[in-house]
Structure formats: C-alpha cells, structure tokens
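The values are calculated or read from the model by the stated rules, or taken from the named source; none is laboratory data. What you are looking at is a predicted structure, and each value in this text was computed from that prediction instead of being measured. Cβ atoms come from the backbone with ideal geometry, glycine included; neighbour counts cover every protein chain shown. Heavy atoms of the whole protein, side chains included, go into the accessibility calculation; ligands, DNA and RNA do not. Shrake-Rupley method; radii C 1.70, N 1.55, O 1.52, S 1.80 Å.
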Amino acid sequence: MTNKKRESYPGASFHITARGNYRNDIFRDEEDFQVYCSFLESAIEYFKGELKIYCYCLTTF
C-alpha cells in the first residue's frame, strides 16, 4: 500500500526519517556513514536557495 501524496506549499516544513528494513541499521560501518554524509552535503548544495535544513541528526541505536 502506498502513502497518500503529501501536500506541498511554499514555506512548508517536513520531518524526514529513514530506517533500514525491519528496523535494521542503515550504516554498517564508518565508511557507510561518511558516504551518506557526502550525499547529504550534495543534496544541500543542489537545493541551495530552494530549501532550508534547520537541523539534522544521524543516530544509531
């Protein structure tokens, strides 16, 4: 079943999460973590001026 498409409008704020299948870890090691961070940096640069990231937190537990 798919999720209902979220309504988007200028100035909207979104809380985005990511989780592995069956709540497994996303990062297997430090290298995975660094690669993810580089993807995040690229996305921030790509959308510069269009989106604002107020904060982010990468955790493992």
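Results, tabulated for the structure shown:
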{"read-out": "Cα shape, the range 1-44, gyration tensor, a/c 1.5 rule", "value": "oblate"}
{"read-out": "Listed peptides 28-41, 3-16 by packing density, highest first (mean Cβ within 10 Å)", "value": "28-41, 3-16"}
{"read-out": "Karplus (6.51, -1.76, 1.60) ³J(HN,Hα), θ = phi - 60°, over the range 3-18, in Hz, Gly and Pro reported as x", "value": "7, 5, 4, 6, 6, 10, 8, x, x, 5, 10, 10, 9, 10, 10, 9"}
{"read-out": "Separation in nanometres of the label points that stand 7 Å from Cα toward Cβ, at Cys37 and Asn3", "value": "2.6"}
{"read-out": "Average accessible surface area per residue within the chain, 1.4 Å rolling probe, Å²", "value": "112"}
{"read-out": "Angle in degrees between helix 30-46 and the longest Cα principal axis of the chain, rounded to the nearest 10", "value": "10"}
{"read-out": "Accessible-area composition of the chain, carbon plus sulfur, in percent [1.4 Å probe]", "value": "52"}
{"read-out": "Cβ-derived FRET efficiency at R0 25 Å, Leu51 paired with Asp29, nearest 0.05", "value": "0.30"}
